[in-house]
1. Within segment 277-287, can one find any residue that is assigned to a helix (DSSP H, G or I), surrounded by 15 or more Cβ atoms within 10 Å (Cβ to Cβ) and not assigned by TED's automatic domain parsing to the domain that holds Val41?
2. What number of residues within segment 84-113 are touching a residue at least 24 places away in the same chain (Cβ under 8 Å), surrounded by fewer than 13 Cβ atoms within 10 Å (Cβ to Cβ) and closer than 28 Å to Leu31 by Cα?
3. Give all pairs with beta carbons closer than 6 Å in which a residue from segment 268-286 that is farther than 21 Å from Ser208 by Cβ meets a residue that is aliphatic (A, V, I, L, M); count only pairs at least 6 apart in sequence or on separate chains.
4. Could you check, for segment 217-231, whether at least one of its residues is modelled with pLDDT of 95 or more, buried (at least 18 other Cβ atoms within 10 Å of the Cβ) and away from the ligand (no atom under 16 Å from the Cβ)?
5. Looking at Ser139, Ser154, Ser184, which one is among the hydroxyl-bearing types (Ser, Thr, Tyr), without any contact (Cβ under 8 Å) to a residue 60 or more places away in the chain, more than 16 Å from the ligand (Cβ to nearest atom) and not in a strand (DSSP E or B)?
6. Residues in segment 114-122: is at least one more than 13 Å from the ligand (Cβ to nearest atom), surrounded by fewer than 19 Cβ atoms within 10 Å (Cβ to Cβ) and at pLDDT 95 or above?
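The values are calculated or read from the model by the stated rules, or taken from the named source; none is laboratory data. Owing to the predicted nature of the structure, the values given are computational and were not obtained by experimental measurement. Neighbour counts run over all protein chains shown; Cβ positions are idealised from the backbone, glycine included.
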Amino acid sequence: TKKESWVLTVMAQTPTNIAVIKYWGKRDESLILPINDSISVTLDPSHLCTTTTVAVSPSFTSDRMWLNGKEIPLSGGRYQNCLREIRSRASDVEDAEKGIKITKKDWEKLHLHIASYNNFPTAAGLASSAAGFACLVFSLAKLMNVKEDNGQLSAIARQGSGSACRSLYGGFVKWIMGKDDKGSDSIAVQLVDENHWDELVILIAVVSSRQKETSSTSGMRETVDTSPLIQHRAAEVVPKRILQMEEAIKNRDFPTFVQLTCSDSNQFHAVCLDTSPPIFYMNDTSHRIISCVEKWNRSEETPQVAYTFDAGPNAVLIARNRKTAALLLQRLLFHFPPQSDADLNSYVVGDKSI
Ligand code: 2P0
């Protein structure tokens, strides 16, 4: 029938975020509640982002999702949790032009089609799940006229993937671990917006675009279960670093920012090594990039570049300004020529970092 032929769609784009104080370890696996606060920087939307289109139509017979053009099962608990939380908050939607009226009750029966694209390698430690779940929750919230603010949406995105909650905001973002058992206070807050420290330039050196061997989810579970160092990190080290990092960001204090960012990346990889059996995310090329940056920073009056590595070998390099970023790229191209047999194969430069 004519009434059943309509389709209503919403498209959204969400950048990924890179943690400068890392999230690693959960206290609740199903609600995704972390053992420490974390702080990240959200990239410019023109680089490393997810584009998601969500559609609803009475002609759809089940919820379905395609990732990079390939259908994926929505049976996983994380997708179901996000869909359930968003559906329960849906409001009436009216599109007079198309003659569509969807009531709160209709949303319980209507099915969704979701198409999502990443413009960067999935699961290569470039935080694809962060952008993906943030974009999914945000676009569904728009489609279903959900009235919640970004903080409340961040608590839903968190149930898809922990780091996703930080991609609901631009600029520098803090994920507050929260105290509540139900997770209502485990949300993201914006520390400063994307204009606050816009001299920074972020460059990502893709050391390998292969899928990582240990997923973050199982890696952090093994760390919490077996590493004697992780408790010290979560209870003693991170709380102090969070306060210092917030100050450094507020004051645009680059030397302190570099010191905290590099130390925290190194401690994250140290707890991975302290896991039994040990988890190796970085490779020789990653280690050579660290040495190269450390040497450069020490040869100058003040540090020029921060490095940070996530659950993979790719380097995220944060330069103090555009001039330094150009010098950094020059050094990288000299030491790691992409055509040589070194396994560093490309660079992604964030023009305006955040
Ligand atoms: C982070 N990472 O803070 C840390 C640093 C990787 C290293 O968040 O199980 O994909 O979905 O909550 O968010 C990667 O872990 O893990 C991550 P789940 P997630 O960005």
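1. Scanning segment 277-287 turns up at least one residue that is assigned to a helix (DSSP H, G or I), surrounded by 15 or more Cβ atoms within 10 Å (Cβ to Cβ) and not assigned by TED's automatic domain parsing to the domain that holds Val41.
2. 1
3. Pairs found: Val271/Leu229; Val271/Ile230; Asp274/Leu229.
4. No, segment 217-231 contains no residue that is modelled with pLDDT of 95 or more, buried (at least 18 other Cβ atoms within 10 Å of the Cβ) and away from the ligand (no atom under 16 Å from the Cβ).
5. Only one candidate passes the filter, namely Ser184.
6. yes
One line per residue, one yes/no per condition, for (1) assigned to a loop (DSSP other than H, G, I, E, B); (2) away from the ligand (no atom under 16 Å from the Cβ); (3) at pLDDT below 95; (4) among the charged types (D, E, K, R):
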site: Val20; (1), (2), (3), (4): no, no, no, no
site: Asn36; (1), (2), (3), (4): yes, no, no, no
site: Ile39; (1), (2), (3), (4): no, no, no, no
site: Thr53; (1), (2), (3), (4): no, yes, no, no
site: Ser75; (1), (2), (3), (4): yes, yes, yes, no
